[in-house]
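A quick write-up on the structure given underneath.
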Amino acid sequence: MHRKAIMPLLKTQGLVIDWTQMPTYNTIMSIAAGAGLLLLVLLARELRKKNEAFVAEGWALSAGVLGFILTATGMHMTLTWPFAKYFPFDNIIFGETSLGLGVLLLAASLFLWKRGTAIRDAADPAAYVAKVSRPLGIFIVGLGLALFGIAFAGVIFQLFAAPPEEPISGAFAEYPMVEAIFMSGLFALVGLGAVLFPFALKTFSTTTVPSVVEKIVGIVWGLAGIAFVLFGAMNFFTHIGLIVNTMG
């Protein structure tokens, strides 16, 4: 159902929301997801450096912290149906995607922590990590295709429009396609990188220059990562403002 069609269901005088029926914490999920994407881009760059000892422990800790946040919140949101009474599609859009990325980051954390020495001692650390990562390509491509589905749904059903009571984002309440295109574009960027990920692994090596596919993955994940971090940080203000403005 169109989000603008759902909003009247929440209205009594102005817009009043029963927040016991509308839990929300995709704020921290957005920051963690964005940081996770940036972590992967920076990790790839670090593995490509020549004549430098790779310190796996710091990367493992970072992946573990972000993976735990995304797995815990994503699993809760995925398994609680409906998580938000009037927006059950949030379970799919935010919960399932965060869960998928979170588990992948936890796996990366475990691998980097356990095999840090093997990575450092490898003749080609980047190629070694790429070889280990290849079996995950099937799931990552599947997530990428799912993100394309979310992007199309976001535009077609205008799922991301904020109500006018929400600061900043609410300024575009009369133009739901603005936020729909913005958010759907972010999901599509991450999806593009995920679909191209297995192809990027084929040429990922310390001894070669980055291929065009590698550069595309790095650019789209880097841009989406920055956007998700900044958007999530902004939402700590806008979501608090929405709650204050609609408590009744």
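Can you give the accessible area of Val103 in Å² (nearest 10), computed on protein heavy atoms with a 1.4 Å probe? Surface accessible to solvent at Val103 totals approximately 70 Å². Between Ala151, Ala33, Ala107, the Gaussian network model of the chain with springs among Cα atoms under 10 angstrom shows the greatest mean-square fluctuation at Ala107.
When the Gaussian network model of the chain links Cα atoms closer than 10 Å, the mean-square fluctuations of Thr78, Thr117, Thr97 top out at Thr117. Shown here for the range 44-76: GluC sites (Glu not before Pro) in loop regions (DSSP other than H, G, I, E, B) with at most 16 other Cβ atoms within 10 Å, namely Glu52.
Here each label is just a point 7 Å from Cα along the line to Cβ, and for Ala107 and Tyr25 those points are 2.5 nm apart.
Tally up the carbon and sulfur contribution to the accessible surface of the chain as a whole percent, 1.4 Å probe, everything protein left in place. Display every interim value, and only then the final one.
Details: 9080 of 12500 Å².
Carbon with sulfur: 73 percent of the solvent-accessible area.
Applying 0.36 nm per residue to the separation of Ile168 and Ile240 and subtracting their alpha-carbon distance, the gain on full extension is 24.7 nm. Here's the list of aspartates and glutamates a cross-link from Lys114 could span, going by alpha-carbon distance under 13 Å and ignoring same-chain residues fewer than 8 apart: Glu57. Taking Cα centroids, how far is the range 60-123 from the range 31-52 in Å? Rounded to whole Å, the Cα centres lie 16 Å apart.
On a 1.4 Å probe surface of the protein chains, which of Leu110, Leu143, Leu37, Leu79 comes out largest in accessible area, and what is the full order?
Working: Leu110 105, Leu143 40, Leu37 10, Leu79 135 Å².
Descending accessible area places them as Leu79, Leu110, Leu143, Leu37.
The residues of the range 24-233 have, on average, 48 Å² of accessible surface per residue, using a 1.4 Å probe with all protein chains present. Magnitude of the charge dipole for the range 24-233, about its Cα centre and with charges confined to Cβ atoms of Lys, Arg (+1) and Asp, Glu (-1), is about 860 debye.
Rounded to the nearest 500, the 222 nm mean residue ellipticity of the chain from helices alone is -23000 deg cm²/dmol, with -39,500 (n - 2.57) taken per DSSP H run of at least 4 residues. For the chain, the ratio of Cα radius of gyration to the globular rule of thumb 2.2 N^0.38 Å stands at 1.10.
Cβ-Cβ distance of Arg45 and Lys114, R₀ of 25 Å, FRET efficiency by 1/(1 + (r/R0)^6): the value works out to about 0.65. Legend: residues Asp124, Asp18, sorted from most to least accessible area (1.4 Å probe; ligands, DNA and RNA excluded), read Asp18, Asp124. For Arg115, the solvent-accessible surface with a 1.4 Å probe is about 110 Å², rounded to the nearest 10.
If a helix is a whole DSSP H run, which ones in the chain reach 20 Å or further along their own axis (Cα) and hold a mean Kyte-Doolittle hydropathy of at least 1.0?
Working: long enough: 26-48 (33 Å, 1.33); 56-79 (33 Å, 1.07); 97-114 (26 Å, 1.63); 137-157 (29 Å, 2.50); 176-202 (40 Å, 1.69); 212-246 (48 Å, 1.59).
The qualifying helices are 26-48, 56-79, 97-114, 137-157, 176-202, 212-246.
Sorted from longest to shortest, the spans of the Cα atoms of the range 115-248 along the three principal axes equal 63, 30, 23 Å.
The values are calculated or read from the model by the stated rules, or taken from the named source; none is laboratory data. The structure presented is a predicted model; accordingly, all values stated were derived computationally and were not measured. Positions of Cβ are generated from backbone atoms using ideal geometry, with glycine treated the same way; all protein chains shown enter the neighbour counts. Remember, those area values only see protein heavy atoms, side chains included, never the ligands or the DNA or RNA. Shrake-Rupley method; radii C 1.70, N 1.55, O 1.52, S 1.80 Å.
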